[in-house]
Amino acid sequence: MSENIQVAQSYAKAVNELCCESNSASAWSKQLKFLADVVNNTQMQHFLGDVARSSEARTQGFLAVVSSELDAQALNLVRLMGENGRIGLLPEVAAQFELLRAEAEHRVSATVVSAHPLTESEITHIKFALNKRLNRSIDLSTRVDATLIGGAIIRAGDLVIDGSMRGGIDKLATQLSR
């Protein structure tokens, strides 16, 4: 599994270098997301996984489906990945590219899972605090998980802040069991 991530990172870095030359990160994001969605389609997974077909036939079939949505460089990426038997890694390439893009743009995606829906002022306050702590612009998403009982859990990159009641109870249980 980690080998696949390393290979995907190599492809993502190459795409990122292309973006630096041509200022086309947004277009690449859209194309890679599209490619990842196509690869994740159940029918396409069956098609790509059919070893009775040659690797070239699978690549050509995949290209027939996606070619109308891609520019020449993205088509070349798909051809290259097809020649190397790596089309199935496109979702991971897209994910790795987005990490590189966020780093270059000094952005971080953060998720707040709270016991109750957050107000706009709470969201604004969390974004401001994360921006100050991480020195990055924040793309914030929220969701509700009533099992937290109260409070919230914030995930931003490698940073995890567990301010939930459930987290506190779990910590207390761990301390008491020692």
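Just so it is clear, none of the values below were taken in a lab; they were calculated from the coordinates. Predicted model only: the values in this text are computed from it and were never measured. Note that each Cβ is placed from the backbone with ideal geometry, even for glycine, and that neighbours are counted across all protein chains shown.
Of the residues 108, 65, the one with the fewest other Cβ atoms within 10 Å heads the list, and the complete ranking is 65, 108. Labels on offer are (i) 1.11; (ii) 1.19; (iii) 1.32, and the one holding Cα Rg over 2.2 N^0.38 Å computed from this structure is (iii). If you take the square roots of the eigenvalues of the alpha-carbon gyration tensor of the range 2-102 and sort them as a ≥ b ≥ c, do you get rounded (a/c under 1.5), prolate (a/b over b/c) or oblate? Since a/c reaches 1.5 and a/b is larger than b/c, the shape of the range 2-102 is classed as prolate. The range 128-178 and the range 88-113 have Cα centres separated by 21 Å.
Across the chain, the relative contact order, built from alpha-carbon pairs under 8 Å that are at least six residues apart, equals 20 percent.
Amide H contacts of residue 110 (H built 1.01 Å from N, in plane; Pro and chain starts excluded): 139, 140, 141 sit under 5 Å, all sequence-distant by 5 or more or on other chains. Note on residue 57 and residue 24: the model spin-label points, each 7 Å out from Cα along the C-beta direction, lie 3.2 nm apart.
For the range 30-178, a simple Cβ point-charge model (Lys and Arg +1, Asp and Glu -1, everything else neutral) yields a dipole of about 380 debye relative to the Cα centre.
Rounded to the nearest whole Hz, the Karplus-based 3J(HN,Hα) values (6.51 cos²θ - 1.76 cosθ + 1.60, θ = phi - 60°) of the range 13-26 follow the sequence 5, 4, 5, 4, 5, 4, 5, 5, 6, 10, 6, 10, 4, 5, with x at glycine and proline. Modelled spin-label separation between residue 149 and residue 40, with each label point placed 7 Å from Cα along the Cα-to-Cβ direction: 3.4 nm. The sum of -39500 (n - 2.57) across all DSSP H runs of n ≥ 4, divided by the residue count of the chain, sets its helix-only mean residue ellipticity at 222 nm to -20500 deg cm²/dmol. Just checking the listed ones, 158, 50, 37: in the Gaussian network model of the chain with Cα springs under 10 Å, the one fluctuating most is 158. For the chain, with a Gaussian network of springs between Cα atoms less than 10 Å apart, report the residue from 35, 159, 18 with the top mean-square fluctuation. Ranking 35, 159, 18 by mean-square fluctuation puts 159 first.
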